[in-house]
Structures are given as C-alpha cells and as structure tokens.
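Asker: Provided herewith is a single structure, encoded as structure tokens, for subsequent inquiry.
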Amino acid sequence: MSYDRSGNPVLQENTFKRASEFGADTMTIGGTVNKAFISLAILLGSAFYVWNLYFQSQNVQPFLITGIIGALILSLLISFVPRISPVAVPVYALLEGLALGSISAIYEAKYHGIALQAVMITLGVFVGLLVAYKLHIIRATETFKRVIIISTMGIMVVYLVSWLLGFFGVRMPYLHDNGIIGIGISLFIVIIAALNLILDFDFIERGSQNRAPKYMEWYGAFGLLITVVWLYIEVLRLLSKLRK
C-alpha cells in the first residue's frame, strides 16, 4: 500500500494523475498560492458579514445551517469532480465563511477576544510550518505521512462517533471536557491539524512538479483551505477550554 499522498482526503496523488490527462496549461505553486489567497479573502468577507449581523442582535442560525450543509455538499462534489474547482471553490469558500463567521461570533460572545487570539495563533502556526517546510526542518517522510494520516483518520472517526452519540443524548468522555485530559486531547488534535499543513505543502509542490493542469491550482487551494479552517476551529475549541 502506498502512502505517497497528503493526509488531507481531498489532496491525493491519484487525483493529480487523473487530472494530468486534461488541459495544456499546468499547475504552479505561485498560482495555487494566489488561488488560496482569493479563497481565503472570500471566506473572510462572508465570515465578517455574518459576524456583524450577530453583534447587531440578528439571528445567524440560518447562515450557520446553510453554510455547514452547503459547504459539506459542495466539498464532496469538488472532491469527486476536481474540474469544477475554478467555479465551485469560491462558492465553497463563501459558504464556509458563513458557518465560520457564525461559530466565531458565538465563541466571541462567550469569551471576549478569543476569535482574534485563534486567528493569530492559526496564522502563526501556518507561517511557522511553511518556513520550517521550506528550510527542510520538517520533512514529509513516508513515516511522517503514515503517522499523520492514521492520526487524522482516527480523529475523524472519534468526531463521527461523538456526533452520532449526541443524537441519543450520550456525551463522549473527555473529548469536550475542560479538565486536564480534555485540554490534552484538544492540544493533540491541534498538533495533528497543524502537521497536516506539511503534507499539503508537500503535495502541492509535487503536483506542480508533475505538471497537473491549471484548474488543479483551485483544487490545491481548496485542500489547503480545509486544513486551515480545521486548524482554526480546533484552536478556538482549545482556547475556550483554557478560558473555562
């Protein structure tokens, strides 16, 4: 079994191999970075819009539900049909922003200043890991990939089980607690989410080297955006536990 792929489920090696059959223009790292910044700008714009509505005492629950469901459906479509990325990824970023703005505002109302702290930590981690990757301080070796992939899959399974148990009124022990163990679990998840960035950097770089078609820049930006949003949410949850 080959592990020569990103831990991010939407950034997989066979996706680039399939995509290489289409188009003459090729993917570049610079192009992917530009698309990632555009996607992030759209996400932040919609997030700030909902944020302002919340603090104007308006109901943002419809935006939260629309954002979560819409982003989930669109993410599946993009994952299975990468060629729609140039159109679908900006829409995904808009929907993700609606959900993220709502969640951030709810946390901010409970813990003043927590959203800005989470943003700064996420940005710091992103820049730090990018520098570490470029300087080869951290390298995406096969062992590193296996550990991060398995850990990420394990976390997703735990979250899924916790979500299903919630329908029956059962609370998974420690996962949402603000005790020492609960904080330790959140810290571990933050670390795994952060290290997924290394795999994403590596994968995007190899996608460029493999001369994937131009539309894959949007697809690469999409995968990177998913990891950054996940990292931000986990940092937000960790800070809220520490505040408690």
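Asker: Write out, first by first residue and then by second, each pair whose Cβ atoms fall under 9 Å of each other, whose residues are 6+ apart or on separate chains, and whose first residue, in the stretch 94-107, is modelled with pLDDT of 95 or more and surrounded by 23 or more Cβ atoms within 10 Å (Cβ to Cβ) while the second is not in a helix (DSSP H, G or I) and not acidic (D, E).
Answerer: Listed by first residue and then by second, the contacts come to L98/V60; G101/V60; S102/V60.
Asker: Can you tell me which residue is farthest from the chain's Cα centre (by Cα) among those in the stretch 66-81 that are aliphatic (A, V, I, L, M) and open to solvent by less than 80 Å² (accessible area, probe 1.4 Å)? So that I can check it myself, show each step before the final result.
Answerer: Narrowing the stretch 66-81 to residues aliphatic (A, V, I, L, M): 68-69, 71-74, 76-78, 81.
Still in the running and open to solvent by less than 80 Å² (accessible area, probe 1.4 Å): 71, 74, 78, 81.
Values: A71: 12, L74: 14, I78: 14, V81: 19 Å.
Once the filter is applied, the top-ranked residue is V81.
Asker: I'd like to verify a number: residues in the stretch 149-181 that are at pLDDT 90 or above and open to solvent by 100 Å² or more (accessible area, probe 1.4 Å), how many?
Answerer: Number satisfying all stated conditions: 3.
Asker: Among the residues that make up the stretch 210-217, is at least one of them in a helix (DSSP H, G or I) and open to solvent by 20 Å² or more (accessible area, probe 1.4 Å)? Spell out the reasoning first.
Answerer: Residues of the stretch 210-217 that are in a helix (DSSP H, G or I), as a first pass: 216-217.
Subset that is open to solvent by 20 Å² or more (accessible area, probe 1.4 Å): none.
No: zero hits.
Asker: Between a residue in the stretch 176-191 that is more than 16 Å from M156 (Cβ to Cβ) and any residue that is aromatic (F, W, Y) and surrounded by fewer than 16 Cβ atoms within 10 Å (Cβ to Cβ), which pairs come within a Cβ distance under 7 Å, given they are 6 or more apart or on different chains?
Answerer: Correct list of pairs: I181/Y174; G182/Y174.
Asker: Moving on to the next point. Test R146 against the stated conditions and say whether it is charged (D, E, K, R), open to solvent by 30 Å² or more (accessible area, probe 1.4 Å) and touching a helix residue (DSSP H, G or I) at 6+ places or on another chain (Cβ under 9 Å).
Answerer: Working: charged (D, E, K, R): yes; open to solvent by 30 Å² or more (accessible area, probe 1.4 Å): yes; touching a helix residue (DSSP H, G or I) at 6+ places or on another chain (Cβ under 9 Å): no.
Answer is no for this residue.
Asker: Look through I138, I191 and report the one residue that is surrounded by fewer than 20 Cβ atoms within 10 Å (Cβ to Cβ), under 21 Å from the mean Cα position of the chain (by Cα), of a type in the set (V, I, T) and assigned to a loop (DSSP other than H, G, I, E, B). Before you say what the answer is, go through the steps one by one.
Answerer: On the way: I191 fails: assigned to a loop (DSSP other than H, G, I, E, B).
The conditions single out I138.
Asker: As an exercise: evaluate N178 against (1) farther than 24 Å from L72 by Cα; (2) in a helix (DSSP H, G or I); (3) polar (S, T, N, Q) and give the number of the one condition it does not meet.
Answerer: In the conditions (1) farther than 24 Å from L72 by Cα; (2) in a helix (DSSP H, G or I); (3) polar (S, T, N, Q), N178 misses (2) alone.
The values are calculated or read from the model by the stated rules, or taken from the named source; none is laboratory data. Here the structure is a predicted model, which means the values were calculated and not measured. Methodologically, a virtual Cβ is constructed for each residue, glycine included, from the backbone with ideal geometry; neighbour enumeration extends over all protein chains shown. Only protein heavy atoms, including side chains, enter the accessible area calculation; ligands, DNA and RNA are left aside. Shrake-Rupley method; radii C 1.70, N 1.55, O 1.52, S 1.80 Å.
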